[in-house]
Each structure stands twice: as C-alpha cells, then as structure tokens.
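Undergrad: Sending over a structure as structure tokens; questions will come in a sec.
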Amino acid sequence: MRKAMTWLAAGGAFVLVMAACTPGGDDNGDDGDGEAGGELVWAIGGAEAQPGGVHQQVAELWSEQNPDNPIRIELLPEEADQQREQQALELQAEGSGFDVLGVDVIWTGEYSENGWVESLEDVRAEIEEASLPGAFESATWGGELWAAPYNTNAGFLYYRTDLVEEPPTTWADLCQVGVAAAEAAGIQPFIGQGAQYEGFVVNWLEYYWSAGGELYNEDQTEVLFDTELAAQVTQFMADAIAQGCYAPGFNTAQEEPARNEFQQGNVVFMRNWPYVYGLVNEDTGSPANGNFDIAPLPTVTGEGTISALGGFNNAVSAFSDNKDAAIDFVTWAATDPEPQTLLATEASVPPTMESVYEDLSDDPVMALLGEVLPDAKPRPPAPQWNEISVEMQRALHPAVNGQGDIQSAVESVRDFLEGTIE
Amino acid sequence: MSDVATAPGREIEATPRREGARLWGKTGLLGIILLWCLFPFFWLIMTSLKLGDRALNSPDIFQGPFGLDNYRNVFEQDFQLNLRNSFAIAGMTTIICIVIGSLAGYALARLPLKRKILLLTGVLAVSLFPPVALVPPLYELWRNLGLLNTWEGLYIPYTAFTLPLTIFILTTFYAAIPKELEEAARVDGATPFQAFYKVIFPLAAPGVFAAAIIIFVTAWNEFLLASTFAPRNPEVAQTVPVAIAAFTGQVEFQRPIGTITAACVVVVIPMIIVALAFQRRIVAGLTAGSVKG
Amino acid sequence: MAETRTAPPERNRAPTGRGGPRARRKGLSERALARLFIAPSLLVMGLVALFPVIYAMVLSLYSYTRRQRTGFGGLDNYVDALTDGRFWSALQFTLTFTVTSVAAEFLIGLGFALLMNRTFRGRGITRAAILVPWVIPTVIAAQMWFFMFNVTPGFINTIFGLGDFSWIGQPGWATFAIVFADVWKTAPFVALLLLAGLQTIPAEMGESGLVDGANAFQRLWYITLPLLRPAILVALLFRTVDALRVYDLVVVMTGGAFDTESLSVLVQQFVVRTPDPGFGSALSTITFVLILGIGLIFVRMLGRDIMVGRGAER
C-alpha cells in the first residue's frame, strides 16, 4: 500500500515535470506558419535527402548561389506512399509549409487535379529542351507542365557473365537460356519484382509495352488496352512461374529481396534498378561480384528495349509564399548541368538532362542509362493512376499466380481503364 | 523475493519416482517457451551485429563479418533523442491514463451510476473507429491548435485512445475486490475517497500495473499517429518507431536492415527492464495488500 | 435501452428513494463522486475522439471523385461498399484471422500466465523472455517475420530444411504466416492480463481445491478459470477488437496478396492510397459498427461480472 502511494506520488511528480512540455517546440516547428524571409522549403524523401545525401548537396549549391532565397530540405519518410500522404495533409490544409515538392512521376496528374501545384508553362520551353522526353512527359498532364524533371530511373537486366555468354533479347529466350544455365549451376533462372505492389505493375507493363501494347492514346482520351496482348503476356508470366523460370521468391519480392537473391548468387538473371550495380560491386564476397554485367531489358518481340520510367520531379506548391523563387529553383535543378551532374557523379542517381549523359559515358551504369532512357516509358501520370495501379495489381497478380482466370482478369483491367476516361 | 509467496503449496505432491520425469518434462517445456520467445530476438541481435550488405541477408545466422558499426549508425542519427521523446510521451500517456482511468474504473465498478453498460459501451466505442480514417480531421485540428510536432500532440490522443482499455481493465479489477473490505473501511469512518485510495487502489495493484505496462508499450509502439503528427525532427517529438522507419540505406531502394535491427535491440532492452519492473509489481501485489486477512 | 435492465433496480431509483438509511450513507455524495470520477476520462475521450469520428461519419454521406467532393450521396457509399466483393473477401479474411489468432493467443497466453504465476528455477529469465516479443514494435516484428517466412533469406526453410517452400507466396499458408506472427507478438499481452487476474485470486481458493483431492486440470477448470472470468473477458475483448483491425502485419508481410486483404487494409487504401474520403469513411463506419457489435457481446458478459462482483459468485 505504501508502495502504491509512492508510485502514485512519483507519477504525479513526473506529470508536473513533463507538463513543462516539449523541448524546443517552436524553434524548429514546421507547422506551416508562413516562412519568414526568402527561405524555401523542399519536401523530399528517401536516402538521398538525408544529411550528406546528394539532394542536400544540391540544396547547398543553390543556397550558395542564391543567398537571398536559400533552400532547406524537409525530410519526408522513406516510402513513397507516406511521402505523398505527408505532402497531401499539408496541401489539403492549404498550408504554406512546403514550397518545393519532390513528386513521384506517377503523381503529376493527381497533384494538378487537386490544385496543389503551380503550372510551369512559363518555363516550359527551357525545361523541354533540356530534359529527356520520357521524363518530361511524366511531368505533364492535360497538355500542361506541372513539374520540372529532376531525377529519373529505368530498369536493367542484370546477368551472370560466368553462366551465360550474352544477354538474351527476348523474354522467351531469357527463360530458355536461364533454365538451362540455372540447372547447370544448381540455382534459379530469374527474379524480378513480383510482390503485389506498384513494382509488379511496372514489371508487367514492361512485358506488355514491349509486346507493342498501350494503355491510352497520346492525349489519354481513348483506351487502347489490348486484351489479347495482355492475356498473352500474363500467360507468359504465369507459365514462367509454373515452369520454374521465375525463382520461387518472385511473387513476394520487391526490389530488395530480388537484389538479395542475385547478390547471394541464387539467380542467373534479375530485373532491377541501377542501384544494385554499385552494391554488388562493393560486395567482394558475393558470387556475382566480378561475374555480372548489365544490359537493356529484353522485349517480347526481340526489337529494341523498353523500360518503365521511375524517378522524381520537382513541383512548386500552389500555397507557397515564395513561388517565383521556387520556380527558379526547380527550373535550375532541371536545366543546369551542375546539379544534374552532381546527381550522377555523387550518388549514381540518374539525371533527367539529356546532355549530361554524354559526359558520363565512362561510367557503365550511366552509359547504359543513356542508351535505355530515350526508350523508357512513363506510366500514365493520370490523376487516376493509383486507382488503375491498384486495380491492375488486384486483377493481374492472382492471374499470374494461377489463382484466377487470365481472360477475365485482363477484361476487368480494360473495363476499369474505360471507366477512367468517361 | 516477495514472489515466493505467490503460489504456495503447488509443488508438494509429487512422489520421488515421478519427480525425475516431471523435471525433464518441465525443463523441456521451458526450453520450448524460451526458444519460441527468444529465437527471433536472437536473430535480431545477430543481424544487428553483422556488417556488409550480403551478410545481413544471408540465411546463415552465423555468417560474418561482425562488428558494432550498425549501433554507431543508430546513435549518429540522434537516436537518443528519439528514445527521450518516446519515454516522455509513453510515460505521460501511462500516468494520465492510470490516474484518470483509475477514477473512472472505480466509479464504474463501485459507485452508483446510471446506465453503466451504456457507459462502458460508449467508452469502448471510442477506441474502435479505424484510426486511419481519423487522421485527416485530427491533423487539421492539431494543425490549427499548434499541436503538430509536440509531445502533447501525441500523448493527448494516445491517452484518449488507450483510456478505454485502461478503464476496462481497472473496472474489472476493482469489481473483483471483495466489497466487505471496503465496507469495513467505511464503517471505520473513512470517506469514499479514502476508501478508494487506501483500500481499493493497493488491492487492485496487479491490475493497475498490468494496465500500466500495457499502456506504456502501446503508446511506445504506436506508429500511425506518430508518423503523421510528428514525422520529423528528433529534437522535437519524433518517436522511436517513426525514427526506425525513417532509416534509409545509402542509396534509394536499399533497406538498412542492420541499422533497423540494431535500433530495435537498443529499444527492446530498456523496454524489457521497464516491463519487468512493472511486472514485479503485478506479482508482488498480493503480498503488499491485506486480502488474506 | 435494454442494457439498463441488468443494473440493480434500487440504483436506478435511488434519487427518489432519498431518506432511507442506505441513501443517507451512499446517496448524493457517492453519486456526485461517481460523476466527478468519471468526468475527466469522458472529457478527454470526448474532446479527442468525438470530433473526428463524427466528421468521418458525415463525410461518408457525400460522394467524391478522388479528393473532390461532387455532392451529397446519402447512403450511396454504404450501398457501394456492401455490394463490393472486395469488402466481403476482406471481411472473410479478417474474421478468419481474428478467430484463429485470438483463440491461439488465449491458449498460449493462459499457459504463459499460469507458468509466470508459479515459483521455479529460471523464473526470472522466463518472465523476461515471455515479454520480449510484445515490446518489439509491430512494424519491425512484421518485417522480421517476413524475413523468417519469405523464400529469401528463408530462415524457417533453412532451419527446417524445407528448401524453397513459399510460405507467404500462396493462399492459405500466407494467412497462416500472418496469424503465426500475430500470435507470437501478442500472446504476452494476454498473459500479462491473465497473470494480473491470477494474482487477485486469493490463495485459499486454490488450496481448498487441493483438500478436495482435485487434479490440476480440475482445479484449473472448476476454480481458477471461473474466478479468472473477468480478466479473460477483458483480454479477449481487446484482443478481438484489435485483431479485427489488423493492418501492419498484412501490409508488411503480403501487401494483401493471396487472399489476405483485411478490412483495415481496405480502409487505408481508400483513405490514403486512392483517396475517396466518402467511400473510405463509409467503409470505416461499417467496420466500426461491426467491431462494436462484436465488442458489445463481450461488454454484456462483462457487465454482469462487474455489477455482481466476485462476492456474489462465491
């Protein structure tokens, strides 16, 4: 009983002390009260936005050159969905806490529809001239430019040079060569991103696009979804799983589990982003180390290459107190060789400026990107993209895993796409 | 210690011949329980000590190289500040919940109140709405009140959403205490309030401390509200789970498993100490009280 | 309402029964005290929770195209939700998950509690060990179990020599893996509550069983469990309502693939990923009503225990 009283008293004391409340609550607060002076706030997330990351270096570079309008990074979480949610909460409240927004290439339409971002039509010509066409396209919606391209990304085919002579050019070849090589080495043929998430849609689209399929026409007023082609590539993936061309972990793998399989030497081929290259090269104990190379992704037809485009653009918040400076910043980051080169040389983040790649041809990753990116395709940056993606995941993922009828799955995707343009 | 008194006379009946077999059985059972609870934790510890990208992902727990780099990384990211925030926020939640929840629980268990079941239902209902749907309106409200990125902005909603659990636990524990004891106190001239804090509260100690641990751990581990209301800045109010989720690899897509597991070990050890300290109180409850009389 | 019937009648009529000896001792001051005691809790919960809940319920009556409000829709969102196959399959998974995980957690938690309640060598470390799973943040525990079950790195397959068995890559086993992770993580919660309950059972109760020559199981069944009933009900109640809102484990381990999409995952999708505040709020409200309905069953059962108290059960 006495003890209980002591606890209670100690608790009471604790309350009193704590009630003095949060340390430094207001000096660093970012609750959207209009930023004084000319400082810009750049809301961007991920590894490169951390202290020491390349986005920080870009911000410092700008701040040095523009002491009147320095820029500060407001670090968003790692995951894209959470980044979007945090931007959305601030923008929904029409808060001026963020001036520049790091916007995933698939959010452009949604942000413009919600009136969250400023139109960049005034600087369009400059940006269009400097940027890769795919990256530029991903920043437009409804014929208008809503963001300035900043960094981009494309998928590579990673292959083991000690197990196969040269990279296959069609997916069917890949399975054929892969199964034989894998059997000889006692490992698995291929891994990509087959878990039920956005990456699965990216992987699926790379098959579908490379077979000649399209989702919409140019200005997205008409659905061009080809159910026959879609059923064909879905069937191909289902067979690849059933026949052991895809490693057993394929249907639960995101980027990292896929990299892990390759780095542990468990697969012959892998579809992944450029980031894997450096990591496997650093890992001297890996069976793949020194025994792998990168190539453009195969296609269904065997012609050319195609990759889904990733990356982030910079948009200007419609609620910013300092729009002019913010527009200057995003234009600079898209069109000045200095920050764009910094991305590539400091962090191997693929820049969006076409001319930068010419000077980077010594770097094998950048050289391949320079080759692949002109053919890379953005997912339609429509306001409905998230809904479309969820629907495609829900219909196609079970179909690929032999859980549902392929024909009805692709038909439901077509119906959904048609519903989006009415 | 005082724990010895808790289970009197339960182990006297075995005959010597069966004792050996029973001992083996018990040891085996204990072994399984320890393995079940601790193996994943052991994996966490081993992973947190591994260096190099591939070792981290190897199915072989004992594949090196090993080192303390991950722990260094954790503390380079101001993790001690996150720990401080979490301790303060979870501590405040626990104290407020226990204090005001005790009062409510006592009223519901012992005092005359109309429509108790309706009240209990109402209390329960508070915590049942899917929290993710409450975030947007609360965010707006918090924004206007200036509660974003503050400790208060987190422990106030935590208190509100954990109070139902607190009240339910405490109500049942108060209700389980024989009424005669309290009435005896009242006959001795104690006021209702004295009866509450001198007789009932200590007797309900096991329930109170069980509730306290549960509240503390729940508030400590909460992620959704913490990541929306205080997503950044360890100097201000970012909590431990949010900080761990914010760890990034060196490059995009890379997941820093080593750093994450190291942070997790750093978090779990003080948590176990806190939980054990409270748990002692649960088990010591009986001996501190006077029910036996 | 019907619930009030269970309350002892004299309490309902107390204000009119002023003047009797009972009322003088227990009357106004106690009633006022009761209100005073309960007020702070109701105030905090009301201030924080009431506004957003009502706000969400109001939103559920409007129709939206993504984030743009397009008009008043009445109950359209509810009709849409209830006719959507996804809702029913999510409900099915959620119920399966809840029943299996809560049942397993109860059995294991009870075992843990009985064990923690005894004296034996190695008791300290066992008690600490039992708490470990529970203090690991859910998001991390979920990731850990993903690593354990997934084909890569495949710890469970390595330990049991199962080769490339894909636990979370096929229907059925994926549900099992999620249930398993949840049981591992939350059985200690049940154990703690039941341990506290065991501690309030006076020792002579257990001893009286001994005298009658009852064996261990009979003692547990006829003496311990009935006395433990309130604690069991509270533990089951809160485990059930929590399990019905399972989210993190599913998102991290399967992302809702292989028939493991839960109601909360669905709600999250329409609030965050593909925002439709109207439909999302309607789904939330349906989920809320469902959980509250199940919770009510427990509350009714508990209500009796609380009203009557242990004294009357002797």
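Undergrad: Can you tell me the 0 to 90 degree angle between the C-alpha axis of helix A:323-335 and the longest principal axis of chain A, rounded to 10?
TA: 30
Undergrad: Could you pull out every residue, at least 5 positions away or on a different chain, whose amide H is within less than 5 Å of the one on A:Val100? Hs are placed 1.01 Å off N in the peptide plane, and Pro or chain starts have none.
TA: Under 5 Å from the amide H of A:Val100: A:Val41, A:Trp42, A:Ala43, A:Ser317.
Undergrad: Please report how far the C-alpha centroid of region A:73-133 lies from that of region B:175-238, rounded to the nearest whole angstrom.
TA: About 46 Å separates the Cα centre of region A:73-133 from the one of region B:175-238.
Undergrad: May I ask for the net charge around A:Gln56, where only other residues with Cβ less than 11 Å from the Cβ of A:Gln56 are counted and Lys, Arg are +1 while Asp, Glu are -1? Don't jump to the answer; show the numbers that get you there.
TA: Numbers: positive: A:Arg72; negative: A:Glu48, A:Glu60, A:Glu346.
The answer is -2.
Undergrad: So, in nm, how far is label A:Asp293 from label A:Glu222 when the simple model puts each one 7 Å beyond its Cα toward the Cβ?
TA: The modelled label-to-label distance comes out at 4.3 nm.
Undergrad: Give me the angle, in degrees from 0 to 90, between the Cα long axis of helix A:2-19 and the longest principal axis of the Cα atoms of chain A, rounded to the nearest 10.
TA: 90
Undergrad: Computed on alpha carbon atoms, what radius of gyration and Dmax characterise chain B, expressed in Å?
TA: In Å, with Rg to one decimal and Dmax whole: 23.7, 73.
Undergrad: Output the DSSP H helices from chain B with an along-axis C-alpha extent of no less than 15 Å and a mean Kyte-Doolittle hydropathy no less than -1.0. Mind dumping the intermediate values first?
TA: Numbers: long enough: B:16-49 (46 Å, 0.82); B:79-110 (45 Å, 1.12); B:116-126 (16 Å, 2.26); B:131-145 (20 Å, 0.46); B:152-175 (33 Å, 1.09); B:205-221 (24 Å, 1.73); B:257-288 (45 Å, 1.90).
Counting only whole DSSP H runs, the qualifying helices are B:16-49, B:79-110, B:116-126, B:131-145, B:152-175, B:205-221, B:257-288.
Undergrad: Please list, in order, the residues from region A:119-137 whose amide nitrogen is less than 19 Å from a point placed 7 Å along the Cα→Cβ vector of A:Glu144.
TA: A:119-128, A:136-137
Undergrad: For chain A, take the longest principal axis of its alpha carbons; what is the angle in degrees between that and the long axis of helix A:337-347, to the nearest 10 within 0 to 90?
TA: 70
Undergrad: A further question on this structure: How far apart, in nm, are the 7 Å Cα→Cβ label points at B:Phe193 and A:Ala367?
TA: 8.3
Undergrad: Something else about it: Starting from the Cα gyration tensor of the protein assembly as shown, multiply each eigenvalue by 5, take the square root, and state the resulting semi-axes largest first in whole Å. Present the calculation step by step, with values, prior to reporting the outcome.
TA: Details: eigenvalues 570, 218, 140 Å².
The equivalent ellipsoid of the protein assembly as shown has semi-axes of 53, 33, 26 Å.
Undergrad: Just to verify a number: FRET efficiency for A:Asp324 and A:Thr161, C-beta to C-beta distance, R0 = 51 Å, to 0.05? Please list the in-between numbers first.
TA: Values: r = 52 Å, r/R0 = 1.02.
That gives a FRET efficiency of 0.45.
Undergrad: Continuing with this model, one more query. For A:Thr170, what charge total do you get from the other residues with a beta carbon under 15 Å from its beta carbon, if Lys and Arg give +1 and Asp and Glu give -1?
TA: Details: positive: A:Arg271; negative: A:Glu166, A:Asp173, A:Glu206, A:Asp239, A:Glu303.
My count for the surroundings of A:Thr170 gives -4.
Undergrad: Å³ per residue of the Cα convex hull, for chain C? Spell out each step's value before the answer.
TA: Working: hull volume 62.1 nm³, N = 314.
Spread over its residues, the Cα hull of chain C gives 198 Å³ apiece.
Undergrad: When a/c is below 1.5 the answer is rounded, else prolate if a/b is larger than b/c, else oblate, so apply that to region B:9-158 with a ≥ b ≥ c taken from the square roots of the Cα gyration tensor eigenvalues. Write out the running numbers ahead of the final one.
TA: Working: a/c = 2.89, a/b = 1.19, b/c = 2.43.
Verdict is oblate for region B:9-158.
Undergrad: Between C:Phe72 and A:Asp239, what is the FRET efficiency for a Förster distance of 41 Å, r being their Cβ-Cβ separation, to the nearest 0.05?
TA: Values: r = 50 Å, r/R0 = 1.21.
Computed FRET efficiency for C:Phe72 and A:Asp239 comes out at 0.25.
Undergrad: So if each residue of separation counts as 0.36 nm, and I subtract the Cα-Cα distance between A:Asp81 and A:Glu346, what length gain in nm does that give? Write out the running numbers ahead of the final one.
TA: On the way: separation 265, 0.36 × 265 = 95.40 nm, distance 2.62 nm.
Length difference between fully extended and current span is 92.8 nm.
Undergrad: Right, another one. Return the FRET efficiency for the residue pair A:Ser119, A:Asn66: r is the Cβ-Cβ distance, R0 is 22 Å, and the value is rounded to the nearest 0.05. Before the final figure, lay out the partial values.
TA: Values: r = 23 Å, r/R0 = 1.02.
Computed FRET efficiency for A:Ser119 and A:Asn66 comes out at 0.45.
Undergrad: What is the distance, in nm, between label points placed 7 Å from the Cα along the Cα-to-Cβ direction at A:Asp415 and at B:Asn144?
TA: The answer from the label model is 4.3 nm.
Undergrad: Let me check I've understood the local charge: for B:Ile89, count other residues with C-beta under 11 angstrom from its C-beta, Lys and Arg +1, Asp and Glu -1. What total comes out? Can you show the working numbers first?
TA: On the way: positive: B:Arg84; negative: B:Glu152, B:Glu222.
With Lys, Arg at +1 and Asp, Glu at -1, the net is -1.
Undergrad: Picking from B:Leu103, B:Leu68, B:Leu165, which is most flexible by a Gaussian network model of chain B using Cα springs under 10 Å?
TA: Maximum fluctuation in the GNM of chain B, among the listed residues, is at B:Leu68.
Undergrad: Using packing as a proxy for protection, rank A:215-221, A:73-79 so that the peptide with the highest average count of other Cβ atoms within 10 Å comes first. All intermediate terms of the calculation are to be shown ahead of the outcome.
TA: Details: A:215-221: 13.6, A:73-79: 20.9.
Top to bottom by mean Cβ count within 10 Å: A:73-79, A:215-221.
Since every read-out is calculated from the coordinates, none of them should be taken as a lab result. In this text the structure is predicted, and so the values were computed from the model without any measurement. Positions of Cβ are generated from backbone atoms using ideal geometry, with glycine treated the same way; all protein chains shown enter the neighbour counts.
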